[in-house]
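The values are calculated or read from the model by the stated rules, or taken from the named source; none is laboratory data. Small disclaimer: the values here were computed from a predicted structure and weren't measured. With ideal geometry, Cβ positions are generated from the backbone for all residues, glycine too; neighbour counts draw on all protein chains shown. For the accessible areas, the whole protein counts, side chains as well, though only heavy atoms, and no ligand, DNA or RNA atoms are used. Shrake-Rupley method; radii C 1.70, N 1.55, O 1.52, S 1.80 Å.
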Amino acid sequence: MPAHVAESDSTPDPTSTTDPLAHERAHLAASRAALRGMREDVQALDIRDVTANWVNAAVLQSQIDDRIKALADLSHTPLFFGRLDYLHAVGGELAEGADGERFYIGRRHVHDAAGDPMVIDWRAPVSQPYYQASRKNPQDVGLRRRFGYTGGELTAYEDEHLTDPAEAEHTSRLLQAEIERPRVGPMRDIVATIQPEQDEIVRSGLGGTVCVQGGPGTGKTAVGLHRVAYLLYAHRERLARTGTLVIGPNRSFLHYIEQVLPALGELEVKQATVDDLVRTGVEVRGEDEAATAVVKGDARMAEVLRRAIRSHVTAPVEPVVVVRGSRRWRVPAYEIQEMVDELLARDMRYGAAHEALPQRIAHAVLVRMEEAGEAPDDRVQNAVARNPAVKAAVKAVWPAVDPAKVVLRLLSDAEFLAAHAGGLLSEEEQKRLLWAKPARSVKSAKWSAADAVLIDEAGDLVARTHSLGHVVLDEAQDLSPMQYRAVGRRCSTGSATVLGDLAQGTTPWSTESWGEALFHLGKADAVVEELTAGFRVPREVIAYASRLLPAISPGLAAVESVRESPGSLAVREVPGGAAELDAAVVAACEESLHNEGSIGLIAADARIPALGAALTAAGHAYLSPGEETTAESRLTLVPASLAKGLEYDYVVLDEPGAVVDGEPDERTGLRRLYVALTRAVSGLTVLHAAPLPEVLVQA
C-alpha cells in the first residue's frame, strides 16, 4: 500500500534517518539555502573589468538582473514537488551493491556549492519519468514520491513503488488534492500535476506546430504555457534570438495567466492579443455589424488586397534617360516593362520590388557604360539608382504605397472595390464592406478591429512582417481566417502551439475545423492532438454542459471528467421578475462565499449593471475580470463575453437564456452558454426566471 504521511505540527529532528518527513524537510531547507547561495553568487558578480564599453556593460547587467529575478525563492511556491529513485545509475554503471540515483523534481534547477544538483528542473530529460512512468512501463524508476505542501511548508508525502507487484495500484490523493486546491489569485502552473498525455504535448519538438483540441478543464492553456517553458529550456539560445509570444483572446485572460511563466523562471515571453498585433498604425474607434465583420475576416480579402496593391503598378510610357557628365544613357520603355514583368512574376513583396526596380534600371545603364568602354563599379550603380530620372520613372511605374490608404480606398470607393473584388465577392458582400459615410483620411476614419487586420495584411504585402521563433495562440477557435493569417505571419519561419475548443467558438466567424484554421495559419502540416480527460470541471457540471454539444459542435467528443463531486450542480428556477432574480443571485453568491476559494458571478453582458447594483446594495464588493482575487476579495462579476479561459472555484450563472439571446445568432449564443457553464472547478449554481434553452431541457 502507498505510504502517506499526514500533516504534522511537530518539529522532527532533521538529522533523523528514521523519520522520512524530517529528512525531506531537511532537504527542502538545504535546497532553499543552496538557491539563496546561487542568487548571492550572481549578485556578487563584478563586471567593471570585463566589459569593453558602457553598452556591453548595460547588456550584461540586464542579463544579470534577469538571472537574479529567475533565482528568486517564492516562499509559497514549493521548490520541489516530487522525487524519483532510479533502480540504476542514469547514463552510467553502478558499483556492485550500490543504490540507484535519486533526484528531486522541481520548478528550477538548484545546485550546491560544489555544483552537485539538489533539485532537477522538471523539464530535464531525467525528470520525464516523473510524469510518464507507470507500472506497465516503470522506466527504471523504483519509487516515485509526491510531496504535499501547506503554505509553502512540506507537510506530507506519498509513495508509489512502481516495480513492487505486491503494492496495489491507487489514485494519488496528493495529486487529486493539488488539482482541486481552491483558486485565489491568478492562474498557477501545473508542473506538479502534468498528466502523461499532457506531458507528451509539452515536450514535443520546436520544429513542428502542434494544435491541441481540448474541452473545458482539460488543461490545454496550461499545456501551451508549459510547452513554452519547455522549449525555452531545450532551445534557449535559438529562442533568445528569435523570440516567443503568447497570444490570448483579451487583456483579462492575459492578466489571469501572466504569472505562470515567471513562476517557472521564464521572464522574457511577451503576451498580446490579436488586436494588439495589428493595431500598430491606426486607432480602432469603430465597430462592425457581425455580417460585415464576417466578410472582412474572410480569406478572400487577402486576394482583394493583393489585387488592389498591385493595381498601383503601371506600364512605362517613356524611356529613362540618365545624364552623367557629357554622356546620356537611354533605357527604352520596353526594357523597363520587361523588368516590371519579371518583378511581378517573382511575386515579390510590393515594397521590395519598389526598392529593386531602380537597381535594375541602374544595372541596365552600367551594361551600356561597359559596352562603351567604361569601367563603372557598384558605387556608380548606386549613384545611377538615385538619379532623379530613375527616381521619377520608378515613382511613375511602381510608386510607394501606404497600406492604410489602400484599405481606406477599398472601403470608400465602390468602383475601386468592384475592380479588385470582382469574381471574389458578391455584390451584396461588396455593399457590406462599403462605409455609409466615407472617411476623408486615415486619421479621421473610424477603423474597426477587422479593418486593422486588413491593414496588417496589406502591410505584409508591402513589407515582410517579422517572424518569431515560437507563438502560442490560445482560444484559437474564435479567430477569422484573416486573423489566422495575421498570427501566421508572426511565426512564418518559426513554429506554433495552437490551443482551442471548437465547441467554445463564440464569434460568428469562428472556425468549424482545425484543418481549415491551420491552413489559414500557414501550418497545414501541424499535428492535431486531442485532450479528452477533464481534471478541473466536476463530472456533473461537464455532463450538464455537454447537453449543448449536439447543437453547437456535432461530432465533437464530450469531455470525460475524472472528478466526481456529488452536489456540485444546482439548477434553480426563480419565480417572479428581475427583482426576485437579482435577490436570488445575490443570495447564491453569499452561499458560495461560505466556501473556500474564488467565486465568479457570470451573466449576460446586458445584465451586468443591474447585478452590480444589486451586489453593491447588499454590501458586497466585487472585482472585474482580470483583477486579482485575494483572501479578502474573492467575488468577481464576469460578463459572459469575457468568461472564456477563466476559472473559479464556484460559479453562479445568471439567466442562461439571456446569455444565449445576447449573441447575434442561436449557435453562437449556445456556445457562449457552454463556456459560461464550464468555468466552475468545484460547484455551479444556475439561476433562471425565464425558461431554459430547449436543448438543455430536452436533453
Inset, instruction - Taking H placed 1.01 Å from N in the peptide plane, check which residues at least 5 places from Val498 or on another chain put their amide H under 5 Å from its amide H. - result: Val210, Cys211, Val212, Leu473
Legend entry - Euclidean distance of C-alpha centroids, segment 216-230 and segment 104-165, integer Å: 20
Legend entry - Projected label distance in nm at Leu424 and Val284, using a 7 Å step from Cα toward the beta-carbon: 2.2
Legend entry - Of Lys296/Lys523; Lys296/Lys391; Lys405/Lys437, pairs whose Cα-Cα distance is over 25 Å: Lys296/Lys391
Inset, instruction - Kindly write out, for segment 584-590 in residue order, the coupling ³J(HN,Hα) from the Karplus curve 6.51 cos²θ - 1.76 cosθ + 1.60 (θ = phi - 60°), rounded to whole Hz, with x marking Gly and Pro. - result: 5, 5, 4, 4, 5, 5, 4
Legend entry - Simple label model, 7 Å out from Cα along Cβ direction - Lys431 to Ala579, nm: 4.7
Inset, instruction - Place the peptides 102-113, 643-654 in order of packing, highest mean first, counting for every residue the other Cβ atoms within 10 Å and averaging per peptide. - result: 643-654, 102-113
Inset, instruction - Count neighbours as other Cβ atoms within 10 Å of each site's Cβ, and list the chymotrypsin sites (Phe, Trp or Tyr not before Pro) in segment 164-272 that are DSSP loop with at most 14 such neighbours. - result: none
Inset, instruction - Give, in nm to one decimal, the length gained when the segment between Arg386 and Arg236 is fully stretched (0.36 nm per residue of separation minus the Cα-Cα distance). - result: 49.7 nm
Legend entry - Partners for Lys446 among aspartates and glutamates (Cα-Cα distance below 19 Å; same-chain residues under 8 apart left out): Asp275, Asp276, Glu283, Glu287, Asp288, Glu289, Asp402, Asp413, Asp456, Glu457
Inset, instruction - Please work out the FRET efficiency for the pair Lys136 and Arg173, using the Cβ-Cβ distance as r and a Förster radius of 25 Å; give the result to the nearest 0.05. - result: 0.70
Inset, instruction - Please give the contour-minus-distance gain from Thr532 to Thr77: 0.36 nm per residue of separation, less the Cα-Cα distance, rounded to one decimal in nm. - result: 160.9 nm
Inset, instruction - For segment 530-594 and segment 405-457, compute the distance between their C-alpha centroids and round to whole Å. - result: 43
Legend entry - Whole-Hz ³J(HN,Hα) from phi, Karplus 6.51 cos²θ - 1.76 cosθ + 1.60, for segment 659-674, glycine and proline x: 4, 5, 5, x, 9, x, 9, 5, 4, 4, x, 5, 5, 4, 5, 4
Inset, instruction - Could you work out how far apart the two model spin labels at Arg346 and Thr314 are, taking each label as a point 7 Å from the Cα in the direction of the beta carbon, and quote it in nm? - result: 2.4
Legend entry - Ala29/Glu512 FRET efficiency (R0 60 Å; Cβ-Cβ; nearest 0.05): 0.65
Inset, instruction - Any chance you could check the Cα centroid distance between segment 194-210 and segment 69-90 for me, in angstrom? - result: 21
Legend entry - Hz values of 3J(HN,Hα) by residue in segment 42-48 - Karplus curve (6.51, -1.76, 1.60), Gly and Pro given as x: 5, 5, 7, 4, 10, 9, 5
Inset, instruction - Could you pull out every one of the lysines with an alpha carbon less than 27 Å from that of Lys136, ignoring same-chain neighbours closer than 8 positions? - result: Lys220
Inset, instruction - For segment 265-351, give the percent of accessible area contributed by carbon and sulfur heavy atoms, probe 1.4 Å, rounded to a whole number. - result: 45
Legend entry - Relative contact order computed over segment 591-651 (Cα-Cα under 8 Å; 6+ residues apart), in percent: 50
Inset, instruction - With mean projected area of the Cα convex hull in nm² in mind, check (1) 31.2; (2) 42.2; (3) 40.8 and report the label derived from this structure. - result: (2)
Inset, instruction - Order the peptides 295-304, 32-41 from the highest to the lowest mean number of other Cβ atoms within 10 Å of their residues. - result: 295-304, 32-41
Legend entry - Added length on full extension, which subtracts the Cα-Cα distance from 0.36 nm per residue, Val321 to Ala124: 64.3 nm
